[in-house]
1. Using a Gaussian network model of the chain with C-alpha springs under 10 Å, which one of E126, E195, E266 is most mobile by mean-square fluctuation?
2. HN-Hα J couplings of region 257-273 from phi, Karplus 6.51/-1.76/1.60, θ = phi - 60°, integer Hz, Gly and Pro as x?
3. P(r) tail for region 224-283, what percent of Cα pairs lie past 19 Å?
4. Can you pull the one-decimal nm distance between simple spin-label points at Y297 and K16, each 7 Å off the Cα toward Cβ?
5. Taking the chain as the reference, fit the longest principal axis to its C-alpha atoms, fit the long axis of helix 28-37 to the helix C-alpha atoms, and give the angle between the two in degrees, 0 to 90, nearest 10.
6. How big is D, in µm² s⁻¹, for region 110-196 by Stokes-Einstein at 10 °C and 1.306 mPa s if Rh is the Kirkwood radius over C-alpha pairs?
7. Which order do E57, E136 fall in if you start with the one that has the fewest other Cβ atoms within 10 Å?
8. If you average over every viewing direction, what projected area does the convex hull of the Cα atoms of region 154-303 give, in nm²?
Amino acid sequence: MPPIDEQGVTTKVSDKVLRLGLPKGSLQEATMEILRNAGYKISVDERQYRPHVDDEEIWSVLLRAQEMPGYVQDGILDCGLTGLDWIKEREADVVEVADLVYSKRNMRPYKWVLAVHESSDIKGPEDLGGRRIATELLNVAKRYLADHGVEAQVEFSWGATEAKCPSLVDAVIEGTETGSTLRANGLKIVDVLFESTTKLIANRSAWADPWKRHKIEDLALLIRGALAAEEKVGLKMNVAKGDLEGVLGCLPALKEPTVSQLSNREWAAVETIIDKRQVRELIPQLKAAGAQGIIEYPLNKVIP
C-alpha cells in the first residue's frame, strides 16, 4: 500500500525509499531527540502526522505505538519504533532489529506489573481466580492467566487504570517506570509480567531486501550510538609528563585514554570518554593528580 500525502493524495514511492513509522504520544519527544542526536534533522508539524526527515530515502509517518506492529507486519511500513509490550499484545510477526533502552522520561525499561490495593488479600497471580482485572494489554493478560491456570474476568481499560482499583476492579495489569503513580493511588506490585523496551522492528520482506536491510541497519547503528552517548561525556585535559601516570590511574575509559604529545615536550594532552555519573567525583581527583585545563563536553554518538 503506497503512502498518502498531507492532502490525502496517494503518492508513488520507489523501491529506494524506506517507509519508517515513528511513535506518536508518550515516546514521541524522546524519539525525536534521539534521532536528532543520531544525525537526522527532523521536524514535526503538530497539526500533521508526517515528520520531515532530511534524508530523501526515508518516508516517515507518526503513529501510535500500539498500531505500529500491525502496520509493519502487514508491509504497509518497512520498519518502525514501538514497544515490546505492543509487539506481545498484537502477537506481531516482525523482525526485532534493535533493542533500544529508553522510555518517555528516562533510560530504563518499562515494566508491566500486576498490582492490587494495599488492603487486598491477593498475593500473586494464583489468587486471581474469579476476580476482575483492568488492563490495556488484553491478550497479554489472558495469556498470563492461562500460564498460571487461573480464570478471571479481564476488561480493557481506556486509561486511568490505577484509579479503578479497588472500587471497580480487584487488580490491574499496568505499565510503570518507577511505580510512583501506583503507590500514589494506594497500590502495591505483587508480580512483574515482563520488562518492555523500545524496539526497532522491520517487516520480514523489507528485511530480506538487501537495500532496505542495509538502510535499517544503518539507522539502528546510529540510534544505538546516540543512546550510548546519553550516559557519556568526553573529557580533555593537559598533564605534565611527571604527573601522567597518576592521572591515567584515575581514568576509566571505553578502551584506553588517548594521549597526545603537546608542542611543549614536557606536557601531554589526554582525552577520554566516561560515564556522566562519574564526573562529579572524578574531576577533583584529576585536578589533585595534576591535570590542568580540564574540559568536559557532551557527545552525540558513541559507536563501539
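1. Among E126, E195, E266, the largest mean-square fluctuation in the Gaussian network model of the chain belongs to E266.
2. These are the phi-based 3J(HN,Hα) values: x, 8, 10, 10, 6, 8, 4, 7, 4, 8, 10, 10, 9, 10, 9, 7, 10 Hz.
3. Numbers: 583 of 1770 pairs.
Roughly 33 percent, once rounded to a whole number.
4. Spacing of the two 7 Å Cα→Cβ label points: 3.5 nm.
5. 30
6. On the way: Rh = 12.5 Å.
My calculation gives 127 µm²/s for D.
7. Working: E57 12, E136 20.
With the sparsest Cβ surroundings first, the list reads E57, E136.
8. For region 154-303, the mean projected area of the Cα convex hull comes to 15.5 nm².
No lab work stands behind these numbers, since they all come straight from the coordinates. What you see is a predicted model, and the numbers here were worked out from it, not measured in a lab. Don't worry about glycine lacking a Cβ; one is built from the backbone with ideal geometry, like all the others, and counts go over all protein chains shown.
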